[in-house]
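Engineer: Quick one: the structure is below, questions incoming.
Bear in mind these aren't lab numbers, they're just calculated from the coordinates by the rules spelled out. Remember, it's a predicted structure, so these values are computed and weren't measured experimentally. Reconstructed Cβ throughout: ideal geometry from the backbone, glycine too, with neighbour counts over all protein chains shown.
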Amino acid sequence: MGGGRGLTTRATLTAMRIGDILFDSPFLLAPLAGVSDSPFRRLAREQGASGVVTEMVSADGLVRGQKATLEYCRFEPQERPIGVQLFGADPGVMADAAGALCALPPRERPDWIDVNMGCPVRKVVNRGAGAALLTDLPLLSEIVQRMTRASTLPVTAKIRLGWDGNSSNVVEVARALEGAGAQAVVIHARTRAEKFGGEARWELIGEAKRAVGIPVIGNGDVRVPEDAVRMLETTGCDGVMLGRAVFGDPWIFRRVRAFWERGERLPLPTAAERLGAGLRHLRLLAEWAGPAAATREMRKHVAWYVKGLSHSARVREQANHTRTVDELTMLLRGYLDELERRGPETFAEPLPPEAPGPPAASVDDPARPEAPHAAR
Ligand SMILES: Cc1cc2nc3c(=O)[nH]c(=O)nc-3n(C[C@H](O)[C@H](O)[C@H](O)COP(=O)(O)O)c2cc1C
């Protein structure tokens with residue numbers, strides 16, 4: 001893994017493995033509540049993400065067989081390899097949830113099971129789940145041990161550096177996870193206290209990597225292809241997960257791969273490509289989740305797809321008032337025509353460095369069904 005950008009080709013057949021799962025590049029789509037649903041995961045895989053993870057799913061809801069929770073675990077074959085991410089704090093429930101996923105018919109069974117140990121949202125940590133697990137290593141170990149015993153699939157964990165600046169225990173946590181049977185660890189290089197602020201501290205990904213034998217996947221603040229390659233090279237990590245940089249830009253995986261494989265810098269998508277993808281995304285969402293949910297869910301994606309284009313504020317505003325798939329389709333088509341009349345417009349600059357943070361509404365508003373703490 002890693003290597004200079006002077007290379008003309010790279011052996012990409014198996015760039016990373018987790019258990020028996022082979023990934024053809026080190027670059028994966030991060031779990032993103034409210035974003036990484038099946039249609040978006042398909043777009044990311046089409047553009048070269050080597051693996052994807054579902055939004056976080058409640059282990060409790062899964063064990064109770066709640067329909068809404070099971071919906072979050074559904075996927076299409078072309079999304080593979082795919083991990084389902086569970087959150088919870090009760091080892092028995094987590095083990096039962098892992099068992100339930102393994103008992104699904106092969107077609108519906110994911111390729112691996114990830115445990116959320118990084119969610120900073122109060123409603124999650126107050127229940128002892130998400131990042132709260134980083135403060136209780138015996139519990140964290142018991143959860144993973146019982147899940148691996150109950151599971152025929154690899155179990156992985158996605159963690160943060162620790163609870164806060166003074167308790168950055170990422171090396172101990174990574175060792176505990178390996179000892180408990182986790183087959184890989186994803187590290188978002190911030191503490192819980194840092195939420196999404198400040199800069200990710202990649203050097204601690206490197207420390208954790210040197211301390212364990214299982215694959216380490218780095219995460220945090222990868223915004224452009226150069227970042228992804230630099231993370232691999234400077235930390236020695238085995239894979240890289242991209243989160244906010246994919247908002248409105250699934251093509252980033254193609255650009256990252258071209259740069260990593262051949263040192264080639266692919267151009268940014270044109271306005272027409274962005275709007276075309278928006279229209280297709282809307283269609284996929286409507287087929288997947290129904291027209292009402294698609295219209296609602298698509299608003300944030302529209303805002304991301306049009307970001308940086310002329311008069312995009314107006315389109316964003318109008319998108320927020322559309323009530324049907326047809327209205328939203330007409331809005332996007334009309335905007336595309338308008339841009340084409342003005343001449344082909346491309347993005348001259350990479351996506352803004354201040355990649356959008358978690359929309360406050362999607363992490364803190366209990367009314368929103370996609371809020372990470374909602375029972376899923
Ligand atoms: C809107 C949003 C939703 C997220 N949902 C999840 C989630 O469900 N599970 C998880 O482990 N991390 C979640 N994260 C964290 C991301 O996976 C990732 O660790 C974080 O955004 C840092 O990576 P980035 O700088 O590439 O965005 C979420 C982040 C955002 C912005």
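Engineer: So, how do all the Cα-to-Cα distances of the range 16-267 break down into 10 Å bins, in percent, from 0 on up?
Structural biologist: The calculated distribution, bin by bin, is 8, 34, 39, 17, 2.
Engineer: Please go through the residue pairs LYS158/LYS307; LYS67/LYS307; LYS67/LYS209; LYS158/LYS300 and name each one whose alpha carbons sit more than 27 Å apart in this structure.
Structural biologist: Pairs exceeding 27 Å: LYS158/LYS307; LYS67/LYS307; LYS67/LYS209.
Engineer: Here's something else I'd like to know. So what does the Cα-only Debye profile of the range 47-106 read at q = 0.13, 0.19, 0.25 Å⁻¹, as log10 I(q)/I(0), no solvent term?
Structural biologist: Calculated log10 I(q)/I(0) at the listed q: -0.34, -0.68, -1.07.
Engineer: State the volume of the convex hull built on the alpha-carbon positions of the range 16-66, expressed per residue in Å³ and rounded to an integer.
Structural biologist: 96
Engineer: Considering the Cα trace of the range 129-223, what is its radius of gyration and what is Dmax, both in angstroms?
Structural biologist: Values for the range 129-223 (Cα only, Rg and Dmax): 12.6, 39 Å.
Engineer: Right, another one. Each label point is 7 Å from the Cα along the Cα-to-Cβ direction; what then is the distance between the points at ALA258 and ARG299, in nm?
Structural biologist: Roughly 3.5 nm, to one decimal.
Engineer: Could you work out the helix-only [θ] at 222 nm for the chain, with each DSSP H run of four or more residues adding -39,500 (n - 2.57) and the total divided by the number of residues, to the nearest 500 deg cm²/dmol?
Structural biologist: For the chain, the value works out to -12500 deg cm²/dmol.
Engineer: So between ARG127 and ASP326, what do we pick up on full extension, going 0.36 nm a residue minus the alpha carbon distance?
Structural biologist: Result: 67.5 nm gained on full extension.
Engineer: Which order, highest average first, do 283-296, 176-189 follow once you tally other Cβ atoms within 10 Å for each residue and take the mean per peptide?
Structural biologist: Packing order, densest peptide first, comes out as 176-189, 283-296.
Engineer: How about the range 118-196: which trypsin sites (Lys or Arg not before Pro) there are in a DSSP loop, with at most 16 other Cβ atoms within 10 Å of their Cβ?
Structural biologist: ARG127, LYS195
Engineer: Over the chain, what is the relative contact order in percent, taking alpha-carbon pairs closer than 8 angstrom and at least six residues apart?
Structural biologist: Normalised by residue count, the contact order of the chain is 17 percent.
Engineer: If you don't mind, there's one more thing I want to ask. With just the Cα atoms defining each centre, how far is the range 298-343 from the range 236-296? Give it in Å.
Structural biologist: Between the Cα centres of the range 298-343 and the range 236-296 lies a distance of 17 Å.
Engineer: Please work out how much length the chain gains when fully extended from ARG210 to ARG230, using 0.36 nm per residue of separation minus the C-alpha to C-alpha distance, in nm with one decimal.
Structural biologist: Computed gain between ARG210 and ARG230 is 5.5 nm.
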